[in-house]
Each structure stands twice: as C-alpha cells, then as structure tokens.
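As structure tokens, the structure follows; a few thoughts come after it.
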C-alpha cells in the first residue's frame with residue numbers, strides 16, 4: 001500500500017497522525033435498510049436474530065444505517081435478506097452525498113456516474129420512488145450491476161441510460177438536481193484494502209475529466225438547480241480546484257450539512273488560491289468517525 | 001397493450017390507487033413498471049421489470065416484492081421453517097383451491113412469485129436469488 005502518497009496532505013489535515021493510523025485499519029462494513037420494502041427495525045432485527053451485531057446510525061429519517069460490528073458470515077451480502085432487497089451494503093461516508101442533495105418527491109434527478117447504484121437506490125429510497133431518477137453510466141459491465149441493484153432494491157423511479165455522461169443530448173435543462181459522484185483517484189478506498197494506484201499524474205488526469213463532467217452537469221441542470229459533487233479522494237486538485245472551476249462557469253457554492261463530522265474545504269493548495277466559498281465544501285476524513293473518506297460540495301446553478 | 005393495472009387489481013386485489021402509480025411499458029417479452037415521469041428515447045431499464053410475456057403473463061419476483069404488501073388475495077404465507085426450502089427453489093404444499101400465480105411472503109417480508117397447481121406451491125424464485133449453502 002502506498003501510504004507515503006498521503007504525506008502531501010500533512011499540512012491540510014488536522015491530527016494528521018490519527019488520519020494516517022486510520023488509513024491503515026480496514027473500514028467496517030455498514031448497511032442501509034431499504035425503507036421502500038420494509039420497516040428498518042424488522043430488517044435489523046432479522047439480521048440480529050441470525051447473529052449480526054449492529055450499531056445503528058440514524059443518518060437521515062429515510063436512510064437508516066448500521067455499522068456491522070460482528071457477523072456470522074464472511075461477507076454481509078451472504079444472507080437471504082440481502083437478496084430480498086431489504087438492505088444494501090454501503091459504506092457510511094458513501095451514504096452522505098444523496099443526503100446532501102436532499103432530493104424531494106416529484107423532482108427530476110440525474111445521477112451522472114451511477115453504477116453500481118448505491119447512491120441511485122438511496123435517492124430512490126429518500127423520495128420513496130415518487131419522482132424521476134435518470135441514472136447514467138458509460139461502462140457496460142457496470143450498467144449490468146446497476147440494473148441488477150435497481151431491480152433488487154425495487155427502485156421503480158429509476159431509468160438507466162448507457163452513455164458517457166459528458167454527452168448530454170436530450171437532457172439539457174431537464175434536471176432539478178444532479179448528483180455527480182465523479183470518477184476520481186479513489187484515495188480513500190485504501191481503507192477497503194484496495195491497493196489503488198496513486199500518483200500526481202492520475203490526480204491531474206482525473207481533475208481534467210471532472211471539469212468536463214461539471215460542464216455537462218451545468219447543461220443538464222435547470223436554472224437554480226442543485227448539484228452535489230463528490231469524490232472519494234482528498235486531493236484538492238479533484239475537489240476545491242474543480243469547484244473553483246464550477247464557480248467560474250456559473251455555479252455558486254452552498255454550505256453542506258452532514259450527519260457525520262467533517263472539516264471545511266481548503267482555500268489554498270500548492271501555491272494556488274481558490275474562491276473563498278470553497279470553504280463550504282465538506283471534507284469527511286476517515287479518522288473523524290471511523291468511516292471511509294469523502295469530499296462533498298453542494299452547488300447551485302446561477303440563473304442567466 | 002394488455003391492461004396490466006387491471007390484471008393486478010383482479011388477480012391480487014391491489015387497490016387501483018396503488019397500481020395507477022405505475023406506467024407499464026412493453027419491450028420485447030418484458031413489461032416494465034415505472035413510477036417516474038420522463039422516459040428517454042433509449043434506455044437500458046425502466047423502473048422494475050414487472051412481467052414476462054410468454055404463454056401467459058408472469059409477474060416477476062422483483063415486482064411482487066415491491067407491490068406484494070398491498071395484495072389482498074392469492075397470497076401464500078410461509079412459516080419460518082418453509083422459507084428456506086421455498087427460496088432454494090423447492091415446491092411446497094398449498095391450499096388446493098389456489099391456482100395460478102401467487103405472492104409468497106412471511107409475516108414481515110415478501111419473498112416473491114410462486115405458482116399454485118393441484119395443491120402444490122412451485123417456487124418461481126429466479127436462480128440468481130435462490131438460497132445458497134454459503135448464505136444464512
């Protein structure tokens with residue numbers, strides 16, 4: 001594992017030693033009960049009767065979550081309840097972007113990089129299938145997983161489109177809200193035991209891709225529409241720099257409120273100074289609540 | 001196009017208020033049930049695959065798990081002892097008066113689709129959902 005890579009964040013992360021120590025510990029599995037199909041207490045008690053030890057986390061009234069402290073199977077998906085769609089195995093930090101988006105019944109929501117569907121199905125759950133979710137992904141194998149998860153979780157409000165999300169024909173000005181959980185250098189997946197390739201070159205390439213996706217999101221949104229932009233990486237080049245770019249093409253940054261602890265966005269990095277409103281970005285670091293890592297910005301498209 | 005809403009009302013006693021939330025769209029031998037408002041020109045999936053069209057109209061396990069809790073007839077309740085066998089794809093005994101597709105459930109959760117014939121409940125659970133020995 002390339003832990004040295006994270007030294008570049010020594011100056012922007014408080015309690016850096018705790019951050020580094022935490023990266024070396026594998027994150028615990030967590031689950032989200034599917035409120036479309038069952039009462040969360042019934043789902044959790046069914047698992048507890050089978051020997052799961054759960055620590056419940058009330059993230060949101062419609063996103064009942066639990067951390068798995070112990071379980072009698074190797075993987076938390078090896079239960080009948082999982083295949084009945086009663087829960088989704090999803091890291092706690094990954095549940096936060098849909099909560100920051102605050103989707104409402106009746107809205108048209110575009111999930112730009114949707115596969116494998118954890119956040120798509122969570123949005124469907126928050127709106128209780130009353131609205132339209134257009135889920136886009138460019139990868140055929142990942143689309144298969146996305147469709148499978150949508151069917152299992154009974155997300156009847158989701159239509160899946162197979163295309164590169166940068167191609168927006170037919171979707172211009174359609175969305176009340178957009179979730180752009182962007183492809184990124186995936187630094188925080190190191191806590192899942194993934195030996196992810198990390199380099200400044202990858203970060204630069206991802207930043208360029210993210211900016212083109214931001215331009216597409218701008219075309220898809222209605223005036224005054226809301227976008228939540230998130231990555232599972234800590235690099236300011238893929239977060240604050242991309243949000244600074246978004247401000248320049250017609251977005252303003254809103255404050256993010258989350259049910260877990262986080263720190264503010266950074267205004268300066270490697271000699272660059274960003275717009276001061278990037279402080280409204282939420283940086284969820286793994287050591288704050290023993291979760292994965294995620295960085296979340298909430299942006300409003302400014303009317304012409 | 002067949003009236004799928006009418007089928008759900010007549011076969012399972014689901015209220016019109018519930019079934020009218022879905023827009024049914026046929027494509028090939030599948031019927032999709034969608035609660036959204038906008039249907040793009042090209043799509044991979046549209047809500048939930050609700051029926052398969054063959055010799056008859058077969059409701060899917062996924063769709064029944066979504067609407068099964070609203071059903072008032074042609075529902076079979078299983079005991080805890082029976083659940084795993086049904087989920088393994090095995091047949092069970094059922095009320096001989098039942099015939100055709102049924103919603104199979106426990107007191108808390110919907111399991112999926114079954115077919116009753118001559119006092120026998122045949123599991124219609126798709127292979128990908130069938131209980132495996134490594135599961136609990």
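Assorted remarks:
- Pair-distance distribution of the stretch A:172-304: all C-alpha pairs, bin width 10 Å, starting at 0; shares per bin in whole percent are 13, 44, 34, 8, 0.
- The stretch B:74-136 - Rg over Rh from alpha carbon coordinates, Kirkwood radius: 0.95
- Maximal additional length on extending the residue B:81-residue B:136 stretch stands at 18.5 nm, based on 0.36 nm per residue less the C-alpha distance.
- Its alpha carbons give the stretch A:28-90 an Rg and a Dmax of 10.3, 29 Å.
- Within the listed set A:218, A:162, A:75, the Gaussian network model of chain A (springs between alpha-carbon atoms below 10 Å) gives the highest mean-square fluctuation for A:75.
- Chain B: relative contact order in percent, alpha carbon pairs under 8 Å with at least 6 residues between: 18
- Most mobile of A:222, A:50, A:24 in a GNM of chain A (Cα contacts under 10 Å): A:50
- Contact order relative to length of chain A, as percent, for alpha carbon pairs under 8 angstrom and 6 or more apart: 18
- Pairs of Cα atoms farther than 16 Å apart, the stretch B:1-72, %: 45
- Two-decimal log10 I(q)/I(0) for chain B, as the Debye equation yields it once each C-alpha is a single scatterer, q = 0.18 Å⁻¹: -1.03
- Here is the size of chain A from its Cα atoms: Rg then Dmax, 18.6, 56 Å.
- Förster radius 25 Å - calculated FRET efficiency between residue A:164 and residue B:39, Cβ distance, rounded to 0.05: 0.75
- Note on the stretch A:106-159: Cα-only Rg and Dmax are 9.9, 30 Å.
- Using all pairs of distinct alpha-carbon atoms, the Kirkwood hydrodynamic radius of the stretch A:1-46 works out to 13.8 angstrom.
- The stretch A:78-167: equivalent-ellipsoid semi-axes (sqrt of 5 x gyration tensor eigenvalues, Cα, Å): 19, 17, 12
- The stretch A:51-152: antiparallel DSSP beta bridges as a percent of all, rounded to 5: 65
- For chain A, built as a Gaussian network whose Cα springs stay under 10 Å, the top-fluctuating residue of A:240, A:263, A:122: A:263
- Sum of -39500 (n - 2.57) over DSSP H runs of 4+, divided by residues of chain A (222 nm, nearest 500): -8000 deg cm²/dmol
- Within the protein assembly as shown, percent of DSSP bridges classed antiparallel, to nearest 5: 75
Every number here is computed from the coordinates shown, using simple stated rules; none is lab data. Everything quoted here is computed from the prediction, not taken from an experiment. When we count neighbours, we look across all protein chains shown, and the Cβ atoms used for this are built from the backbone with ideal geometry, even at glycine.
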